[in-house]
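Q: Got a structure for you, questions after.
The values are calculated or read from the model by the stated rules, or taken from the named source; none is laboratory data. Predicted model only: the values in this text are computed from it and were never measured. When we count neighbours, we look across all protein chains shown, and the Cβ atoms used for this are built from the backbone with ideal geometry, even at glycine. Each accessible area value is taken on the protein alone, full model and side chains, heavy atoms only, with ligands, DNA and RNA left out. Shrake-Rupley method; radii C 1.70, N 1.55, O 1.52, S 1.80 Å.
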Amino acid sequence: MERIAVERLRVGLWVSMENVPGTGFLLRSEAQIATFAQVGVSHVWHEPERSEVAPLPEPEPAPDPVGTSMPDDDPPALPGAASGGGIEIVAVPEPDRIEGEGLAHGPRVSGFDDEPATAPPTDALDAQRQSLDRCERRFSAVSKAFRNVLQNVRAQPEEARAIAETEVGGMVRAVQQEQDVAIRLLSEKSGQETALHAINVSVLSVLLGRAMGLDGELVEAIGLGALLHDVGKIELPDVMRGKADSPNPTERRMFQSHVEHSRTLAERMGLGEAAAAIVAQHHEASDGSGYPQALKGEAIHPAARVVALVNHYDNLCNPPNPIHALTPHDAIAAVYRKTKEKFDPAALNAFVRMMGIYPPGSVLHLSDGRFALSVAVDPANAMKPKVLIHDPAVRPEDALIVPLAEHPELSIQRAIKPMALPRAAFDYLQPRKRTSFFIESKARRFG
């Protein structure tokens, strides 16, 4: 294998992401190459024996006028890309476009109230629906249990812990059996409002722990600690729960005090070592820039390192103010480009491999002009997720998931904001008739 700069990439090379084994694939389009620059990847591994062509030659260094050279601290965004994550917003010239947080009333999509022109095999659809229903019931149960925990944790802390342990055990078994569906449901905003963040972080942390090869007992402890990591926010006034980045130092300190409140409640509940460490350390950072103790590297419990990364990712996707929400694709890019020094390298590499370049929930514009929703990662091809494609000829509930890797004629042109979708595509790609979490108002949230 050969390590090469992304500037030397060309269609026909077999590459894999640096430090992330098992992500190899053949480059089939310029759009795939451009994606590396979008997420801030500077080098990749190239396998000559699996490639169809040789890499481009090394570029000759451009002469620097004296006194004008600048350090290359951050890879440049692609031309025309939006600042912050390199995502280009497509101008869709259709009258039923979504504007801001309101949905314009556009024409009905043909085929929604009539028999579809084509229908996928019944057995495959039934299996897909049953899998979604099983996971949704489990997430609903965890959501209700979490609300019960919040209501009883002060008066009956040990009972609250027992409830949480029981539900997390069931959730761990569920996501082990149906990982793709579990991640898909997270992107569709399942559960009660106050439980969303806790469940998102718990499920993704469990999956990440499994991806890192951690033992089953530790994975369950990670799920429990992640579910309860913000339990101390019940001691804060509602208005303070979204003040993580407040410019007011007093408000920031009050927000950060939720960690101490959470630690106290964890002690009263009798959480085990790993779960208690998660509660106390989920805002620590590997470079020492976190709080409350400014711990570094190995001083942070391994379980807490997993949850700290997932917690940060979900806060990027689901901030208190939805106007500031990043798409999953943008969030992965932001973590990798701007804050990777804050997180455990092993956890970050496993997370990128698990979530892919286009994580579930990413809205995609395909090469044939259609729109799609990423719903699952293809472990064999980080650039080609499994997607739900907008197709007016097929009812949304009858649409089968399409592995893009099995369709070489299709590629991803770009990831887009959900608000850039036409109304018909927006409605179609919000499965199970739930409103997209990217634009829904979050009146109360534990973030």
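Q: Within the set of pairs 6 or more residues apart or between chains, which connect a residue that is farther than 19 Å from VAL335 by Cβ inside the range 283-296 to a residue that is in a loop (DSSP other than H, G, I, E, B) with Cβ atoms less than 6 Å apart?
A: Qualifying pairs under 6 Å: ALA294/GLY288; LEU295/GLU284.
Q: Let me ask another. Provide a single number: the residues in the range 342-391 that are open to solvent by 20 Å² or more (accessible area, probe 1.4 Å) and at positive phi.
A: Total meeting the criteria: 1.
Q: For the structure I just gave you, tell me whether SER205 is among the hydroxyl-bearing types (Ser, Thr, Tyr), in a helix (DSSP H, G or I), closer than 21 Å to CYS317 by Cβ and in contact with a helix residue (DSSP H, G or I) (Cβ under 7 Å, 6 or more places away or on another chain).
A: yes
Q: If you check LEU186 against the conditions, is it at pLDDT below 90, part of a helix (DSSP H, G or I) and either open to solvent by 40 Å² or more (accessible area, probe 1.4 Å) or not charged (D, E, K, R) (or both)?
A: yes
Q: Also, quick follow-up: Inside the range 286-307, can you point out the residues that are among the hydrophobic types (A, V, I, L, M, F, W, C) and farther than 18 Å from LEU271 by Cα?
A: Selection gives ALA294, LEU295, ALA299.
Q: Is one or more of the residues making up the range 231-246 under 28 Å from ASN349 (Cα atoms), open to solvent by less than 20 Å² (accessible area, probe 1.4 Å) and at pLDDT 90 or above?
A: Checked the range 231-246: no residue is under 28 Å from ASN349 (Cα atoms), open to solvent by less than 20 Å² (accessible area, probe 1.4 Å) and at pLDDT 90 or above.
Q: Then there's this: Just the residues that are in a loop (DSSP other than H, G, I, E, B) and surrounded by fewer than 16 Cβ atoms within 10 Å (Cβ to Cβ), please, taken from the range 401-420.
A: Within the range 401-420, HIS407, PRO408, GLU409 meet the criteria.
Q: Checking ALA277 against (1) in a loop (DSSP other than H, G, I, E, B); (2) under 26 Å from ILE163 (Cβ atoms); (3) of a type in the set (Gly, Ala, Ser), which test does it fail?
A: Going through (1) in a loop (DSSP other than H, G, I, E, B); (2) under 26 Å from ILE163 (Cβ atoms); (3) of a type in the set (Gly, Ala, Ser) one by one, ALA277 breaks only (1).
Q: Test PRO320 against the stated conditions and say whether it is in contact with a strand residue (DSSP E or B) (Cβ under 9 Å, 6 or more places away or on another chain), within 17 Å of HIS197 (Cβ to Cβ), modelled with pLDDT under 90 and part of a loop (DSSP other than H, G, I, E, B).
A: Answer is no for this residue.
Q: Can you find a residue in the range 330-340 that is farther than 21 Å from ALA211 by Cβ and open to solvent by 30 Å² or more (accessible area, probe 1.4 Å)?
A: yes
Q: Anything in the range 265-307 that is of a type in the set (S, T, N, Q) and touching a strand residue (DSSP E or B) at 6+ places or on another chain (Cβ under 7 Å)? List them, or say none.
A: SER286
Q: Any idea how many residues of the range 248-274 are in a loop (DSSP other than H, G, I, E, B) and among the polar types (S, T, N, Q)?
A: 2
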